[in-house]
Amino acid sequence: IGYKMEVIANHPDLFVSTLFNAMRDVEVPDSVLHGSDSSQAFKYYKRHYWDHFDLSDSSLLRTPLIVNKLDQYFERAVLLHPDSVVVAIDDVISRVRPSYEMVSYLVWHFMSEYQNPKYMGFDNIFVHLVDQYFSKEAIQNTSPSVLTMLTDRANVIRPLLLGKQAPSLILVDTSGQLRSLYTLRHAYNLVLFWDYDCGICKREIADLEKIYNQKTYDLEIFSVCVNGDLDKWKKSIGDRHMPWINVNGTRSATPDFHDLYDIHGTPVIYLLDQEMKIIAKRISADQIPGLIDNMAQTKK
């Protein structure tokens, strides 16, 4: 360490000094580290994280340091919440301006990290990247076709973000009558997309039936079958003991449910509140009790 600091002090303009600086970690003072307020150490670490790393220096793109530094920052200094991640992304990108090369690099780096998010709700980050950067700036390596693909995908995801009102569905039920999702007024409303030839759907429906029949929650289920054979659909409902609202997705007064709800496979479950706002999505039946219990606790 002493040798590196000596090189930095005596030859600050050399690229090796830039590298040595970039490799330095944050040194939290003992007075902060062992202070009465434990949160101060975290705040100090985050505030000084980039002190010795010049994000605007595009020469660092040719090293593995920038990826390691970014990964460490988002693992250690950013809360695991989509809003916090968005704020951190904007802050990091603002630090590299006006370097067009670095802005482009970072935008694509974050896109690769969040285009297929690991956590529910983090698709908000993908939409933010498209809306805030790809749609407003000339990001390198973004051809017109790529931009169109990203924009189209963001347009599909945007109405389905957590907190958004779920798209309207008006579909034909087993008696041939139109049923609207928006007529449901339960505390929790679940939209299930299922296929009568899907083995996983059968297991999920069995789990949902247990939850539904227990009557523990003020819960209604709006079950959308994706298949068009009405006789087979009705028989499947009886075979699977589905006592809730059953409608057929191929008989619709609203636009194609595949597009509205981004359905490319089954089963898919969306959980809505009384106002039809999306509170969870693409979940399994066994997650539902825990989600509802947690939401009930936060309301207290």
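Coordinate-derived values only; no laboratory data. Keep in mind that what you see is a predicted model, and the values were worked out from it rather than measured. Quick reminder, even Gly has a Cβ in these numbers, built from the backbone with ideal geometry, and neighbours come from all protein chains shown.
Annotation note: trypsin sites (Lys or Arg not before Pro) in segment 176-260 located in DSSP loop regions with a Cβ neighbour count of at most 13 within 10 Å are Arg185, Lys215.
Give, as a single signed number, the net charge of other residues whose beta carbon lies under 12 Å from the beta carbon of Arg158, with Lys and Arg counted +1 and Asp and Glu -1.
On the way: positive: Arg153, Lys164; negative: Asp123, Asp131, Asp152, Asp262.
For residues surrounding Arg158, the net value is -2.
Straight-line cross-link partners of Lys202 among the aspartates and glutamates, defined as a Cα under 18 Å from its Cα and at least 8 positions apart when in the same chain: Asp229, Asp231, Asp239, Asp286. Lacking any other cysteine beta-carbon closer than 4.7 Å, the following Cys residues of the chain have no compatible partner: Cys225.
Across segment 257-274, rounded Karplus estimates of 3J(HN,Hα) from the backbone phi angles (6.51 cos²θ - 1.76 cosθ + 1.60, θ = phi - 60°) give 4, 4, 6, 5, 10, 6, 9, 10, x, 9, x, 9, 10, 10, 10, 10, 8, 5 Hz, Gly and Pro being marked x.
Working note: 222 nm ellipticity from helices only, DSSP H runs with n ≥ 4, each -39,500 (n - 2.57), summed and divided by the residues of the chain, gives -13500 deg cm²/dmol to the nearest 500. Counting DSSP beta bridges with both partners in the chain, what percentage is antiparallel, nearest 5? Here the share of antiparallel DSSP bridges comes out near 60 percent. For Tyr133, the shell of other residues with beta-carbons less than 15 Å away shows a net charge of -2, using +1 for Lys and Arg and -1 for Asp and Glu. For segment 170-299, what is the charge dipole size about the Cα centre, in debye to the nearest 20, if Lys and Arg each add +1 at the Cβ and Asp and Glu each add -1 at the Cβ? Once rounded to the nearest 20, the dipole reads 200 debye. Per-peptide packing, taken as the mean over residues of other Cβ atoms within 10 Å, places 84-93, 130-139 in the sequence 84-93, 130-139 from highest down. In order along segment 175-183, the phi-based Karplus estimate (6.51 cos²θ - 1.76 cosθ + 1.60, θ = phi - 60°) of 3J(HN,Hα) comes to 8, x, 9, 6, 10, 9, 4, 5, 7 Hz; Gly and Pro are listed as x.
Modelled spin labels at Glu137 and Asp259, positioned 7 Å past Cα toward Cβ, are 3.2 nm from each other. If you wrap the tightest convex hull around every Cα atom of the chain and split its volume per residue, you get 172 Å³. Extension gain, Lys46-Thr183: 0.36 nm per intervening residue step, less the Cα-Cα distance, totals 44.5 nm.
Sum up the charges of everything whose Cβ sits under 13 Å from the Cβ of Lys210, counting Lys and Arg as +1 and Asp and Glu as -1, but leave Lys210 out.
Numbers: positive: Arg203, Lys215, Arg240; negative: Glu204, Asp207, Glu209, Asp286.
Overall, the nearby charge balance is -1.
Under a 5 Å amide H cut-off, with hydrogens placed 1.01 Å from N, Lys281 pairs with Leu271 among residues at least 5 apart or on other chains. Paramagnetic label reach from Asp197 (point 7 Å along Cα→Cβ; backbone nitrogen cut-off under 17 Å): within segment 226-243, residues 226-237. Hey, if you put +1 on the Cβ of every Lys and Arg and -1 on every Asp and Glu Cβ in the chain, which of Ile139, Val87, Gly35 ends up farthest toward the positive end of that dipole? Most positive-ward Cα: Val87.
For segment 170-299, the spread of Cα coordinates along the three principal axes comes to 42, 27, 26 Å, biggest extent given first.
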